[in-house]
Amino acid sequence: MSEERQHHPNGCSKWPDWLRCSDYEATGGSSPAAERGTRIHKYWELLGTDEAIDGDADPEEVAHAAWAVGQVDELAGAADIEWERRIESEAPEYFGYLDACWYENPETIVICDGKSGQGNDEQWIQLVGYAYAIMQEDTAIEQAKLHFIYWDRREIKSYEFSRAQVLNEVKKLFQHRQSGQRATGVQCSRCKLYETCGKVQGVLIRTWQTDWDSVWNSPAALRELDDDLDLLSKMHERVKAKVKELSAAGTEVPGYRFYTRKGSSKVDTLEAWKALKKTISADDFLKCCTVKLSALQSMHQLRTGEELAGEFIKPGEPTQVLTKQKN
């Protein structure tokens, strides 16, 4: 298993955000979602290289990794898969690590990258960056086949680029970076320039000037306002995070009280059954337990390789859901 990955300032994972906004600057740090993705990546590589996984690993996360390994094996066939390959480019300068790659033939490289969540329309440029670096090393490569493996939604998204297209896309991206062209998007809340950016401040001013008497009667205006407020809501999240940081460091913030709240007690199910099985029946004990369907499905898949099915799975009541569609 590889050590913790290093990150280059021009690393390919930043490229989708640069494609949207040339001045994007990452804030750094982590999040529970990012840490979960890192764990699944680790399990994916361990399973792909036939290494052991810690017995305490979350079965749902391991099941996601196992599914992703199966997809790579199916795509690669009998090819020799290289996991966690370091890539490096001199011009433009960057390095990084791709998840998995192999040669389909001497002129075709195939690259796979695992992703959590829903992804976005610009992520393809990250894999183009990996292909570009490999093409610099191996001038015989004339084609790149690129695959994103989305384990949460059990989906693969694929692209194909010729050598000329790869070189051109990287050239266009770094020209765009020099242009200074900014744009709002999903990257804004992760950007150091978020609060001070003129594009974001323009959204703030537009929202402040909303004609509330008319907006309620215009579906199009409601959608635009909702998008604006969603972008600006990240400001509130960052303010709350800063207040918590200051309070934890001992700085008094007017109107806030910082304290440690006692955590909720949890039951170790196996240990509880061992201790109580002489005084409580199995049926009564199970009535006190809540089985998480996704965890049960994952455990069953890991143990049997099959999807979970049975009359014991009771369908839930339908609910109405409002979700945004991409423009």
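The values are calculated or read from the model by the stated rules, or taken from the named source; none is laboratory data. Note that the structure is a prediction, hence the values are computed from the model and not measured. Here Cβ is always computed from backbone atoms with ideal geometry, including for glycine, and neighbour counts include all displayed protein chains. Note: areas computed on protein heavy atoms with side chains; ligands, DNA, RNA excluded. Shrake-Rupley method; radii C 1.70, N 1.55, O 1.52, S 1.80 Å.
Summary table
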item: Accessible heavy-atom area order of Asp228, Asp23, highest first, probe of 1.4 Å; result: Asp23, Asp228
item: Listed residues Asp152, Asp121, Asp99, most fluctuating in the chain (Gaussian network, C-alpha, under 10 Å); result: Asp121
item: Magnitude of the charge dipole, the range 145-298, Cβ model with Lys/Arg +1 and Asp/Glu -1, debye to 20; result: 760 debye
item: Cross-link pairs beyond the 26 Å C-alpha cut-off, checked among Lys262/Lys324; Lys42/Lys287; Lys14/Lys234; Lys42/Lys244; result: Lys262/Lys324; Lys42/Lys287; Lys42/Lys244
item: Total formal charge among the other residues, if their Cβ is under 12 angstrom from that of Val239, Lys/Arg +1 and Asp/Glu -1; result: +2
item: Gaussian network model of the chain, Cα within-10 Å springs - most flexible of Ala33, Ala76, Ala309; result: Ala309
item: Exposure ranking of Asp138, Asp226 by accessible area [1.4 Å probe, largest first]; result: Asp226, Asp138
item: Estimated D of the range 1-147 in µm² per second, where Rh is the Kirkwood radius over Cα pairs and Stokes-Einstein applies at 10 °C, 1.306 mPa s; result: 97 µm²/s
item: Exposure of Trp273 as accessible area (Å², to 10), given a probe of 1.4 Å and all protein chains; result: 80 Å²
item: Dipole of the range 1-123, positive end: most advanced residue of Gly48, Ser13, Asn120 [Cβ charges, Cα centre]; result: Asn120
item: Pairwise Cα inverse-distance average, inverted: Kirkwood Rh of the range 217-327 (Å); result: 20.7 Å
item: Positive minus negative residues near Asp54 (Lys, Arg vs Asp, Glu; Cβ under 14 Å); result: -3
item: Where the Cα pairs of the range 62-133 fall when distances are cut into 10 Å bins, in %; result: 17, 47, 32, 4
item: Square roots of five times the Cα gyration tensor eigenvalues for the chain, Å; result: 37, 34, 21
item: Solvent exposure ordering (accessible area, 1.4 Å, most first) of Thr269, Thr108; result: Thr269, Thr108
item: Around Leu19: net Lys/Arg minus Asp/Glu count, Cβ-Cβ under 15 Å; result: +1
item: The range 122-225, dipole about Cα centre (Lys/Arg Cβ +1, Asp/Glu Cβ -1), debye to the nearest 20; result: 160 debye
item: Cβ-based charge dipole, the range 229-310, positive-most Cα from Leu296, Leu229, Gly310; result: Leu229
item: Residue with peak Gaussian network fluctuation, the chain [Cα springs, cutoff 10 Å], from Glu60, Glu245, Glu51; result: Glu245
item: Relative contact order of the range 34-141, defined on C-alpha pairs under 8 angstrom at six or more residues apart (%); result: 20 percent
item: Loop-located trypsin sites (Lys or Arg not before Pro) in the range 135-201 whose Cβ has at most 14 other Cβ within 10 Å (DSSP); result: Arg153, Arg154, Lys192
item: Inter-label distance, nm, simple model (7 Å from Cα along the C-beta direction), Lys274/Gln320; result: 5.1 nm
item: Equivalent ellipsoid semi-axes - Cα gyration tensor, the range 170-285, angstrom; result: 46, 22, 22
item: Mean ellipticity per residue at 222 nm, deg cm²/dmol - from DSSP H runs of n ≥ 4 across the chain, formula -39500 (n - 2.57); result: -14000 deg cm²/dmol
item: Of all accessible heavy-atom area on the chain, the percent that carbon and sulfur account for (1.4 Å); result: 51 percent
item: Cβ charges +1 (Lys, Arg) and -1 (Asp, Glu), total dipole of the chain, debye; result: 1520 debye
item: Partners for Lys199 among aspartates and glutamates (Cα-Cα distance below 12 Å; same-chain residues under 8 apart left out); result: Asp23, Asp228
item: Accessible area (Å², 1.4 Å probe, nearest 10) - Phe312; result: 130 Å²
